[in-house]
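Enquirer: Here it is, the structure, as structure tokens.
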Amino acid sequence: ITTKLWDGLFRSSLGIDFNARSRGKLLGRSMAAFGQGTFDVTDTLHLTVGGRYNVEKKNFNNRWFFLDQPREFTCPGIDVNGVLDNCRSKDTVFTPMASLAYDFTGDVMAYASYSEGFKAGGWTPRLFSQQSLKRYKPEKLKAYEVGLKSSLFDRRMTLNISAFQSDYSDLQLTSVRADSTGAPQPIVENAGTARIRGVEIEANARIGDATTVSAGLGYLDGKYRRLDSGVSFPLSAELPDTPPLSLTGSIEHRVALANEGGITVRVDASYKDRTYKEPSNIRAVSQKPYVLLNGRLAYQPADERYSIALFGTNLLDERYITNGLDVASTFGIYEAYYGRPREWGVELALKF
């Protein structure tokens with residue numbers, strides 16, 4: 001595959017070659033054994049324990065040719081300890097879980113849980129220099145959660161509340177830096193340790209026989225606890241994609257028709273606080289607080305054989321950033337990717 005990036009359109013004083021041919025190949029194999037069981041301590045107290053043993057194997061063969069300035073970056077690369085590596089890895093991880101649930105009544109339950117998880121390690125696949133060919137370790141997670149789940153008022157209302165903390169080690173983050181030649185290199189690196197604390201509240205209520213209202217609130221507090229040497233951002237930086245406050249809400253109403261069919265009207269909205277999109281917290285590619293509004297109008301006959309709906313997404317035509325990169329050290333610019341604009345559509349569904 002030959003890739004031409006900004007060929008003839010972009011001029012740089014760095015002398016970077018943007019015309020490249022990639023013959024990289026990443027082969028992976030994942031094997032796992034897992035089990036889970038629940039023990040009734042009493043009629044109302046239940047203990048669940050489980051575990052998963054993962055073996056993740058990867059073989060990375062990178063061959064990246066630059067057409068104007070011929071170069072080839074191949075294995076061996078550098079492993080996480082700075083030792084020459086043949087671009088093969090094997091990660092074995094055991095992740096246990098345990099939860100305790102107590103039934104106050106048939107409709108109200110409290111729980112506490114502990115679980116572990118991980119994200120596999122690997123290599124940065126798109127290289128501009130041999131310096132980028134470095135393996136990163138698996139990211140590991142320890143998660144604690146307590147909560148309450150309830151179904152109230154003859155099951156016409158659902159209310160769920162939870163509080164949690166997630167502890168990350170060998171946190172994987174992506175950034176773009178200039179190497180010793182001035183060429184940009186996207187790097188996935190193990191940044192250090194971090195924790196996220198939060199609260200989530202979800203409520204859903206049926207009003208009469210035709211209207212359903214739902215709402216949700218999420219609060220997050222993310223902090224780095226320790227950063228590895230060489231990380232380019234300070235310990236005080238905010239974690240990417242961790243908005244302090246998130247809100248959701250919807251209302252749905254069904255109108256019965258004389259032919260026993262029905263029309264359903266639904267409106268839903270969501271709000272997110274300011275969110276940083278990359279580790280350095282560059283404000284130019286952060287997303288300020290914004291609201292998304294969606295709507296749907298649907299008709300379905302009594303036999304429910306089909307339905308037809310008119311829908312609209314992002315009705316306020318909000319311009320919002322979904323991802324951002326800091327490439328100022330190489331190109332003097334910041335790069336942002338935006339969400340979809342206002343859209344309309346018609347949907348037809350059939351049952352066979």
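Enquirer: Kindly indicate the residue of segment 152-162 that is at pLDDT 95 or above and touching an Asp or Glu at 6+ places or on another chain (Cβ under 7 Å) and also farthest from residue 99 (Cα to Cα) among those meeting that condition.
Expert: Here the answer is 160.
Enquirer: Residues of segment 234-263 being part of a loop (DSSP other than H, G, I, E, B) and farther than 30 Å from residue 308 by Cβ, which ones? Give the derivation first.
Expert: Of the residues in segment 234-263, the ones part of a loop (DSSP other than H, G, I, E, B) are 234-244, 257-261.
234, 235, 236, 237, 238, 239, 240, 241, 242, 243, 244 - these are the residues of segment 234-263 that are part of a loop (DSSP other than H, G, I, E, B) and farther than 30 Å from residue 308 by Cβ.
Enquirer: Please state which of the following conditions residue 229 fails to meet, knowing it meets all the rest: (1) within 30 Å of residue 296 (Cα to Cα); (2) more than 23 Å from the chain's Cα centre (by Cα).
Expert: (1)
Enquirer: If you don't mind, another one. If a residue must be open to solvent by 50 Å² or more (accessible area, probe 1.4 Å), part of a strand (DSSP E or B) and in contact with an Asp or Glu (Cβ under 9 Å, 6 or more places away or on another chain), how many such residues does segment 264-312 contain?
Expert: 8
Enquirer: Take residue 229 and decide whether it is among the polar types (S, T, N, Q) and touching a strand residue (DSSP E or B) at 6+ places or on another chain (Cβ under 9 Å).
Expert: no
Enquirer: Hey, any hits in segment 186-201 for a residue that's without any contact (Cβ under 8 Å) to a residue 12 or more places away in the chain and not in a strand (DSSP E or B)?
Expert: no
Enquirer: Which of the residues belonging to segment 314-326 are of a type outside the set (Asp, Glu), part of a strand (DSSP E or B) and buried (at least 17 other Cβ atoms within 10 Å of the Cβ)? Give the steps one after another, and end with the answer.
Expert: The first filter runs over segment 314-326 and keeps only residues of a type outside the set (Asp, Glu), leaving 314-316, 319-325.
When the remaining residues are screened for being part of a strand (DSSP E or B), the result is 321-325.
Passing the criteria: 321, 324, 325.
Enquirer: On to the next question. Out of everything in segment 241-276 that is at pLDDT 90 or above and touching a Pro at 6+ places or on another chain (Cβ under 8 Å), what residue ends up being farthest from residue 302 (Cα to Cα)?
Expert: Only one residue tops the list, namely 276.
The values are calculated or read from the model by the stated rules, or taken from the named source; none is laboratory data. Since the model is a prediction, treat every value here as computed from it, not as a measurement. Note that we place each Cβ from the backbone using ideal geometry, even for glycine, and neighbour counts take in every protein chain shown. Quick note on the areas: whole protein, heavy atoms, side chains included, nothing else; ligands and nucleic acids left out. Shrake-Rupley method; radii C 1.70, N 1.55, O 1.52, S 1.80 Å.
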